[in-house]
Amino acid sequence: TRLASRLLRVPISLFSLIDQERQWWKSRVGVDKAEAPLVHAFCALTIAGTGPLVVADARLDLRFKNNPLVTGAANIRFYAGVPIRTSEGHAIGTLCAIDTVPRNLSEDEVATLAELGEILSAEIRSREAALLARVHIVETGEVLTANEEHYRSTFELAGVGLAEVSTEGKWLTVNAALCKTVGYSPSELKAMSFRD
């Protein structure tokens with residue numbers, strides 16, 4: 001948002017995330033509030049599109065001229081925004097530049113805003129991948145734990161003697177059936193070698 005504000009020479013720049021009722025700013029320049037209702041948000045229209053939305057003068061734009069953000073204290077005149085997309089292509093927010101005076105952007109400035117938006121989208125996709133990896137690790141751990149518990153249960157309840165023995169011939173784990181068969185307790189067996 002700082003780069004967008006500086007490069008586009010606007011007093012307000014926002015990275016907004018949007019849900020059904022509100023927009024909130026993950027990063028902001030020139031705005032003190034952290035969120036706002038979605039009902040009047042320019043960003044709601046931006047995420048519905050496929051590319052940049054540029055409004056040179058909101059007072060002259062039929063979509064926005066009666067918007068309280070234009071007619072009220074916010075005094076928005078200029079707006080330019082690009083959608084921020086997830087790895088599946090869902091628009092979840094915007095990067096936008098706002099000014100209180102009408103203005104136009106050059107093609108290069110629109111391209112700059114789009115490139116900054118793509119950087120944010122790439123960061124979102126990176127965070128999604130990291131989250132999915134963490135979820136996968138947790139799920140894999142849960143499967144391994146369940147498998148280990150199943151193995152241990154089967155090992156302990158087997159009707160035949162079972163043991164895990166090290167390559168040096170030491171008893172590592174023994175079940176009750178083996179102890180009954182050889183006549184030693186688990187602690188006695190673990191103190192002996194297989195040869196003993």
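The values are calculated or read from the model by the stated rules, or taken from the named source; none is laboratory data. Just so you know, these numbers come straight off a predicted model, no measurement behind them. All Cβ positions, even for glycine, are placed from backbone atoms using ideal geometry, and neighbour counts span all protein chains on display. Heads up: the accessible areas ignore ligands, DNA and RNA and are worked out on the full protein's heavy atoms, side chains in. Shrake-Rupley method; radii C 1.70, N 1.55, O 1.52, S 1.80 Å.
For this structure, a couple of remarks:
- Any chance VAL54 is outside any helix (DSSP H, G or I), modelled with pLDDT of 90 or more and either more than 20 Å from PRO102 (Cα to Cα) or open to solvent by less than 70 Å² (accessible area, probe 1.4 Å) (or both): yes
- Subset of the stretch 1-32 (residues that are touching a Leu at 6+ places or on another chain (Cβ under 8 Å), in a loop (DSSP other than H, G, I, E, B) and not hydroxyl-bearing (Ser, Thr, Tyr)): ASP19, GLN20, GLU21, VAL31
- Scan of the stretch 86-114 for residues that are closer than 21 Å to ASP19 by Cβ and free of Cβ contacts under 8 Å to residues at least 40 places away in the same chain, ordered by number: GLU88, GLY89, HIS90
- Pick from the stretch 4-25, criterion open to solvent by 90 Å² or more (accessible area, probe 1.4 Å) and either at pLDDT 90 or above or hydrophobic (A, V, I, L, M, F, W, C) (or both), ranking: farthest from the chain's Cα centre (by Cα): ARG9
- Evaluation of GLY141 against (1) over 27 Å from SER87 (Cβ atoms); (2) open to solvent by less than 90 Å² (accessible area, probe 1.4 Å) (one fails), failing number: (1)
- Unique residue being crowded, with 18+ Cβ neighbours inside 10 Å, under 22 Å from the mean Cα position of the chain (by Cα), over 16 Å from THR100 (Cα atoms) and in contact (Cβ under 8 Å) with a residue 12 or more places away in the chain when the list is ALA36, ALA44: ALA36
- The single residue among GLU128, GLU109, GLU118 that is in contact with a Ser or Thr (Cβ under 6 Å, 6 or more places away or on another chain) and surrounded by 13 or more Cβ atoms within 10 Å (Cβ to Cβ) turns out to be GLU128.
- The set of residues in the stretch 154-196 being in a helix (DSSP H, G or I) and open to solvent by 60 Å² or more (accessible area, probe 1.4 Å) consists of THR154, GLU156, LEU157, ALA176, LYS180, THR181, VAL182, PRO186, SER187, GLU188, LYS190.
- Residue match in the stretch 78-99 (condition: of a type in the set (Val, Ile, Thr), assigned to a helix (DSSP H, G or I) and surrounded by 13 or more Cβ atoms within 10 Å (Cβ to Cβ)): no
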